Amino acid sequence: MSGETVEARPDLELAAAAAAARRWLFEEAAPVWADAGFDRDRGLFAEQISWAGRPEPVTRRLRVQARQIYSFCELGRLGWSGPWAEQAERALDRLLAAGRRGDGLFVHTFDDRGDVEDERCDLYDHAFVLFALAHAGAALNRPDLFDTADALFDLWEARYRRPTGGFHEGEVEVQPPRRQNPHMHLFEAALALWEASGRERWLKLAMELERLAEDRFLIGDAMGEYFDENWSPLGARRLAEPGHCFEWAWLFDRAAGHSASALEASDRLCAFARRNGLDAARGVAVNALTADGAVVDADARLWPQTERLKCAVARWRRTGDPEEAREAVDAWRGLHRYLDTPVRGVWRDRLKADGSWVEEPAPASSFYHIICSLSALLAAVDKD
């Protein structure tokens, strides 16, 4: 190795990226969100943290509570020594006690005081409740939460299963359009529950959604966004989001052991998003394209950067290709732009096409995306 530089070794660059990611996560982000980001009086997580490092008094979405429960459980699994278990379990118990309606389904939002604000139910929210139950059941050694997940999905399936495939989205979103996005997160939750509980129903659901995505959501090599009642794409321009293409590619990669066609779909989606959805000048993935690859929205939110990173890491682990390690490093560098902030441990969310930032509080909803991607990065490097 004499004379060999880090720049010539993408695996070493990736290891350096993972070390930087671990430091940021454990030393900067986790302490801030466990302190300013958790309301000890109410047992709820903050929706946003301001640039002054304080929680913002705004409506709290149920989906964000569920995402933060996952995030803190995953922090514990990764080895963070802070109060992850206490806060995750307290927020979970509050969610189960105060977030359910009389029919057993979950509400949409709480006000800042923690009282129910909007009682309508939504598939996207329920996908994240199931996701949180999977991770909390494993992390907190509470198998009763798997029973809770079973009972909750029984209710949703009985009321909202569609004969043309997938599920009605509940009471919040007007349909049509039907959206792939809530089904993607239900797919993710089903995989998590299968891995955590070993219950076959969740693998069966995951494979059902995987087939639905391959058969109906794909438009050529892109992942469509909006559909009619029969899952035909809506709109002349047929929107696709690079972030969702990367995210589905990562999920297909995870499901490949149970589907003969999943890796081919994953490769197509990843290639489409990389070919059309990356802005080399800013080093980021943009928000939206048409299904034929034309840029519709050149702004770049934080979350597509995390999905780009997860996808690259999964492909590097599968193929060992140095180019995938380089792509993962580039994705980390793009993501790090959002994390390099004056107030350490929070983030920017929206990068404009002209390279300037939208100045706004840091949304807690991004922590799920960040932790999921950094967890994948750390696991890949630790494995090797």
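The values are calculated or read from the model by the stated rules, or taken from the named source; none is laboratory data. Computed from a predicted model, the values in this text were never measured in an experiment. Note that each Cβ is placed from the backbone with ideal geometry, even for glycine, and that neighbours are counted across all protein chains shown. Note: accessible area is taken over every heavy atom of the protein model, side chains too, but ligands, DNA and RNA are not part of it. Shrake-Rupley method; radii C 1.70, N 1.55, O 1.52, S 1.80 Å.
The amide H of F45, built 1.01 Å from its N in the peptide plane, has D39 as neighbours under 5 Å, considering only residues 5 or more places off or on other chains. Put simply, when 194-202, 38-46, 248-256, 221-229 are sorted by average Cβ atoms within 10 angstrom per residue, most first, you get 248-256, 221-229, 38-46, 194-202. Approximating the spin labels as points 7 Å out from Cα along Cα→Cβ, the D382-to-E28 distance works out to 2.1 nm. Derived scalar couplings between HN and Hα for segment 64-79 equal 6, 4, 5, 4, 5, 4, 4, 4, 6, 4, 6, 4, x, 5, 6, x Hz in order, rounded to whole Hz, by the Karplus curve 6.51 cos²θ - 1.76 cosθ + 1.60 (θ = phi - 60°), x for Gly and Pro. Stretching A97 away from V174 to a fully extended chain increases their span by 24.9 nm, per 0.36 nm per residue minus the current alpha-carbon distance. With 27 Å as the cut-off, how large is the P(r) tail for the chain, expressed as percent of Cα-Cα pairs? It works out to 48 percent of all Cα pairs.
For segment 62-176, report the translational diffusion coefficient in µm²/s to the nearest whole number, using Stokes-Einstein at 25 °C, 0.890 mPa s, and a Kirkwood Rh over Cα pairs. Let's see the in-between values first.
Numbers: Rh = 14.7 Å.
Diffusion coefficient, whole number: 167 µm²/s.
Between R318 and E117, what FRET efficiency comes out of the Förster formula 1/(1 + (r/R0)^6) with R0 = 45 Å and r the beta carbon distance, rounded to 0.05?
On the way: r = 44 Å, r/R0 = 0.97.
Given R0 = 45 Å and the Cβ-Cβ separation, E is 0.55.
Computed 3J(HN,Hα) for segment 162-169, one whole-Hz value per residue from the Karplus formula 6.51 cos²θ - 1.76 cosθ + 1.60 where θ = phi - 60°, is 9, x, 8, x, x, 9, 5, 8, glycine and proline marked x. Taken per residue, the accessible surface of the chain reaches 39 Å², heavy atoms only and a 1.4 Å probe. Note on segment 53-91 and segment 235-298: Cα centroid distance 29 Å, given to the nearest whole angstrom. Couplings 3J(HN,Hα) of segment 301-307, computed from phi: 7, 5, 4, x, 5, 5, 6 Hz, in residue order, whole Hz [Karplus 6.51 cos²θ - 1.76 cosθ + 1.60, θ = phi - 60°; x for Gly and Pro].
Roughly speaking, to the nearest percent, how much of the chain's 1.4 Å accessible area is carbon and sulfur? Mind dumping the intermediate values first?
Numbers: 7050 of 14830 Å².
Answer for the chain: carbon and sulfur cover 48 percent of the accessible area.
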